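No lab work stands behind these numbers, since they all come straight from the coordinates. In this text the structure is predicted, and so the values were computed from the model without any measurement. Every residue, glycine as well, gets a Cβ built from its backbone with ideal geometry; the counts of neighbours run over all protein chains shown.
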Amino acid sequence: MKTDNVHYTTFTGWIEPPADVAPPLGGDLTCDVAVIGGGLNGMSTALRLAERGQDVVLLEAEFCGHGSSSRNAGQLAGAPGGDLQLLNLLSGKKMPGMMRLAEHAAHHVEDLIKRLDIDCDYEPTGNTFAAVSRGQMGRVQRVAKIVRSAGGQVEVGTSEELGIPRGFVGGMREIVGGTMNPGKFTLGVRRALLDSSARIFEQTKVTDIAGQGSGVVISTPRGQLRANRVVLATNAFSGEWDITPKHLSVPIYVIEVETEPIAPERLAALGWSSRSGLVTQHNIMENYRLTSRNSIVFGVRRLERGTSFPLPLKTPDPAIVEELAKGFATRFPALANVAVERAWGGWIAITSSWLPLAGQVGDNVFYSIACNGHGLAQAPYIGSMIADLIVDGERHEDPDVVWAKKPKFPRPVMMGRLGLRLVWMLDRFNDRINGSRRNARRGAELAA
Ligand SMILES: Cc1cc2nc3c(=O)[nH]c(=O)nc-3n(C[C@H](O)[C@H](O)[C@H](O)COP(=O)(O)OP(=O)(O)OC[C@H]3O[C@@H](n4cnc5c(N)ncnc54)[C@H](O)[C@@H]3O)c2cc1C
């Protein structure tokens, strides 16, 4: 695969930044509810509060959609993330709640796309847990059993049966969800928010939040905002103030790349008739999806730990892009001569359970700052339910499974550089064994 002419960007490959960035907060202000962070989480919270007649102000360090909300792979998941076998083993009772949350979150986003009339190339294809080996297929079958008994809607089959590329053995397709251009979706939500009664200040980085009387005071470089309640929706950047629970998550940088446009007949020859997004069953997944530009966006495979705040504005490491390209050539041998056109990455807040976390500190601080790799569906859904909780004073039952009642978290163990390297090595070791088995099978077939 060609990687000699890649356009590296510090933003995203899906969209250009908006031309109408709102001015910063330029003085002191008061409001009922302040929302910090203008990703899908914060924007959905603020939009819902505004729609329900609340006096809301949103503060965003750059522009709404600058974070991972517009950088992700655009795979709207209909099942929970993380290691579902481990989750089932450690807290099987949570599985039905997690399934319900995941499916409702995906439907919520589909409804939002319709209601706000957002053109984001959404295709309700579902996403497939795709197996690259017989070992991974065994895991997929075990996961499918768990998902079904938790009430999830999935189908299991070979690659031909599921309409996924022949480089995969088979998989489990989540019926709910699909793929979209997340940049267009995020800009659509931003547009609705700017058109709402919420007051939006972009280019406004919050530097401190402190309790004062029955409310909070939020400091920014050019002014202070006093609010009765605050919602923290700053994702990976959340380690920046004392009010945030400690060890809730760690910042991890992940990468997506996009191929050049591929001739339709070459895409058709892959057998990818379902157009379903794919995630492999490695410990650190690879993801692959088709786009409306006749390209394939793919990524992750390697995680980079952020070690100090503020997190740097980065372009992807070319060595990781090279490695992703090698993985692509293995899964899609017929496209091994296609070029990588662009590469970008973003920071995600990852929890030790790989599940989202939200909660409340005291009466007036709410947070939803760690949606891991499933925030495209779950961040907007949880955000809108926090808004409902603020207005109604009662929590909907869906976020129960992610609500941190006692916000005390152990230091994450496997998220250090060494731990991540070991997990990556384990994946590559398994890939090598599977590669040799595949070659041996091909040799035996040829000999016969
Ligand atoms: C490369 C990549 C691929 C992914 N793929 C998928 C996928 O296919 N499917 C899926 O479901 N999820 C995926 N994710 C995860 C998903 O994108 C996130 O979980 C989700 O976008 C989180 O939304 P958010 O609003 O919480 O955070 P963000 O979108 O990161 O928003 C946080 C915002 O807070 C602002 N902010 C931070 N600090 C401050 C401050 N001090 N003051 C003011 N503002 C501040 C930031 O500027 C940012 O705009 C992926 C993520 C990445 C990076």
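What number results when the radius of gyration of region 104-181, computed over Cα atoms, is divided by 2.2 N^0.38 Å?
Compactness ratio reported: 1.23.
Report the relative contact order of region 1-78, percent, no decimals, based on alpha-carbon pairs under 8 angstrom and at least 6 residues apart.
So the answer I get is 34 percent.
Give the residue from A387, G373, V402 lying farthest towards the positive end of the charge dipole for region 363-418; charges sit on Cβ (+1 for Lys and Arg, -1 for Asp and Glu) and the dipole is referred to the Cα centre.
Projecting each Cα onto the dipole axis, the largest value belongs to G373.
Evaluate the relative contact order of the chain (contact order divided by residue number), counting alpha-carbon pairs under 8 angstrom at least 6 apart; express in whole percent.
Relative CO of the chain lands at 25 percent.
Out of all DSSP beta bridges with both ends in the chain, state the antiparallel percent to the nearest 5.
Once the DSSP bridges in the chain are tallied, antiparallel ones form about 65 percent.
K93: which aspartates and glutamates have alpha carbons under 19 Å from its alpha carbon, excluding same-chain residues fewer than 8 sequence positions away?
In chain and number order, the partners are D83, E103, E397, D398, D400.
Taking the chain as the reference, fit the longest principal axis to its C-alpha atoms, fit the long axis of helix 95-115 to the helix C-alpha atoms, and give the angle between the two in degrees, 0 to 90, nearest 10.
Helix 95-115 and the main axis of the chain meet at about 80 degrees.
Report, to the nearest 10°, how far helix 417-447 tilts away from the longest principal axis of the Cα atoms in the chain, using its own Cα long axis and a range of 0 to 90°.
For helix 417-447, the angle is close to 30 degrees.
Give the order of C64, C371, C31 when sorted by the count of other beta carbons within 10 angstrom, beginning with the fewest.
Listing C64, C371, C31 from fewest to most nearby Cβ atoms yields C31, C64, C371.
When the chain is modelled as a GNM with alpha-carbon springs shorter than 10 Å, which of G419, G239, G152 fluctuates the most?
Among G419, G239, G152, the largest GNM mean-square fluctuation belongs to G419.
Using only Cα atoms, tell me the angle between helix 318-331 and the longest principal axis of the chain; keep it within 0 to 90° and round to the nearest 10.
50 degrees
Tell me the label-point distance for the pair D55, L418, using the 7 Å Cα-to-Cβ offset, in nm and rounded to one decimal.
It works out to 5.4 nm between the two label points.
Arranged from highest to lowest average of other beta-carbon atoms within 10 Å per residue, in what order do the peptides 139-147, 334-342 appear?
Highest to lowest by the protection proxy: 139-147, 334-342.
Rounded to two decimal places and with Rh computed the Kirkwood way over Cα pairs, what is Rg over Rh for region 294-447?
1.09
Quantify how much of the Cα-Cα distance distribution of the chain extends past 32 Å, in percent.
Tail of P(r) above 32 Å: 35 percent of Cα pairs.
Can you find, among A22, G42, A77, the residue farthest towards the positive end of the dipole of region 1-152? Put +1 on the C-beta of Lys and Arg, -1 on that of Asp and Glu.
Farthest towards the positive pole: A77.
What is the dipole size for the chain, taken about its Cα centre, with +1 at each Lys and Arg Cβ and -1 at each Asp and Glu Cβ, in debye to the nearest 20?
1740 debye
Around T204, which amide H atoms from residues at least 5 apart in sequence, or from another chain, sit under 5 Å from its own amide H, with H modelled in the peptide plane?
E60, A61, E62
Which of the residue pairs K145/K246; K94/K406; K205/K406 have a Cα-Cα distance greater than 26 Å in the structure shown?
Table pairs above 26 Å Cα-Cα are K145/K246; K205/K406.
What nm distance separates the two modelled labels at E397 and Q224, each placed 7 Å from Cα along Cα→Cβ?
Modelled inter-label distance: 4.4 nm.
Hey, fewest Cβ within 10 Å first, where do M385, M1, M425 land in order?
Least crowded to most crowded, the residues run M425, M1, M385.
Explain nothing, just the number: relative contact order of region 248-386, from Cα pairs under 8 Å at least 6 residues apart, as a whole percent.
Over region 248-386, the number comes to 30 percent.
Just to be sure I understand the model, the point goes 7 Å from the Cα along the line to the Cβ. What's the resulting R148 to N294 distance in nm?
4.0 nm
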